[in-house]
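Structure record follows, encoded as structure tokens.
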Amino acid sequence: MNILFDQGTPVPLRHFLAHHQVATAYERGWSRLENGELLQAAETAGFQVFVSTDASLKYQQNVQGRRIAIVVLLSASWPKIQRHARAIASLVDSAKPGDYYEAPIE
């Protein structure tokens, strides 16, 4: 599965998704794209999952009817995310086109 990390998504999470192809918005040269443009670029490029830490994404963008699954991590703190990395990986593994998930991070 092709996965795109948004700007705030901690890159070390990629190690828990080793069986997938993971790229970052920065690596793709998409750092300056706004969320709507970034989601469109990701869909056009064939990414199946978009991982973000932008909790307001669902209020800023139409997340319904997308060809890409969206997983929002409700924290950008790597120590917090790391404790839930396996659960996040399972969530990503089960994501289907058009799904929207929020992963609570405590």
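From the backbone phi of region 17-22, what are the Karplus-calculated ³J(HN,Hα) couplings (6.51 cos²θ - 1.76 cosθ + 1.60, θ = phi - 60°) in whole Hz, Gly and Pro given as x?
10, 4, 7, 10, 8, 10
Considering only DSSP states other than H, G, I, E and B, which GluC sites (Glu not before Pro) in region 7-39 qualify as loop sites with at most 15 other Cβ atoms within 10 Å? Mind dumping the intermediate values first?
Details: sites: GLU27, GLU34, GLU37; in loops: GLU27, GLU34.
For GluC sites (Glu not before Pro) across region 7-39 that sit outside H, G, I, E and B with at most 15 neighbouring Cβ atoms in 10 Å, the list reads GLU27, GLU34.
From the backbone phi of region 5-16, what are the Karplus-calculated ³J(HN,Hα) couplings (6.51 cos²θ - 1.76 cosθ + 1.60, θ = phi - 60°) in whole Hz, Gly and Pro given as x?
Karplus-based 3J(HN,Hα) across region 5-16 equals 8, 6, 3, x, 6, x, 4, x, 4, 4, 5, 7 Hz.
Just how large is the dipole of the chain about the Cα centre, in debye to the nearest 20, putting +1 at every Lys and Arg Cβ and -1 at every Asp and Glu Cβ? Kindly include the intermediate steps, with their values, before the conclusion.
Working: 10 positive and 10 negative charges, 36 e Å.
With only Lys, Arg, Asp and Glu charged at Cβ, the dipole is about 180 debye.
Which Cα, out of SER75, ALA25, VAL11, lies furthest along the positive dipole direction of the chain (beta carbon charges, K/R +1, D/E -1)?
Highest projection toward the positive end goes to VAL11.
Whole-Hz ³J(HN,Hα) for each residue in region 86-91, computed from phi via Karplus 6.51 cos²θ - 1.76 cosθ + 1.60 with θ = phi - 60°, x for glycine and proline: what do you get?
After applying 6.51 cos²θ - 1.76 cosθ + 1.60, I find 5, 5, 5, 4, 5, 4 Hz.
Among TRP78, TRP30, which comes first, then next, by fewest other beta-carbon atoms within 10 Å?
Arranged by neighbour count, lowest to highest, TRP78, TRP30 become TRP78, TRP30.
For the chain, rounded, prolate or oblate, judged on the Cα gyration tensor with a ≥ b ≥ c (square roots of eigenvalues), a/c < 1.5 rounded, else prolate if a/b > b/c? Please list the in-between numbers first.
Numbers: a/c = 1.34, a/b = 1.29, b/c = 1.04.
Taking the square roots of the gyration eigenvalues as a ≥ b ≥ c, the chain is rounded.
Read the figures in this text as sums done on the coordinates, not as results from a lab. Since this is a predicted model, take the numbers as computed values, not measurements. Please note: Cβ atoms are built from the backbone with ideal geometry, for glycine as well, and neighbour counts cover all protein chains shown.
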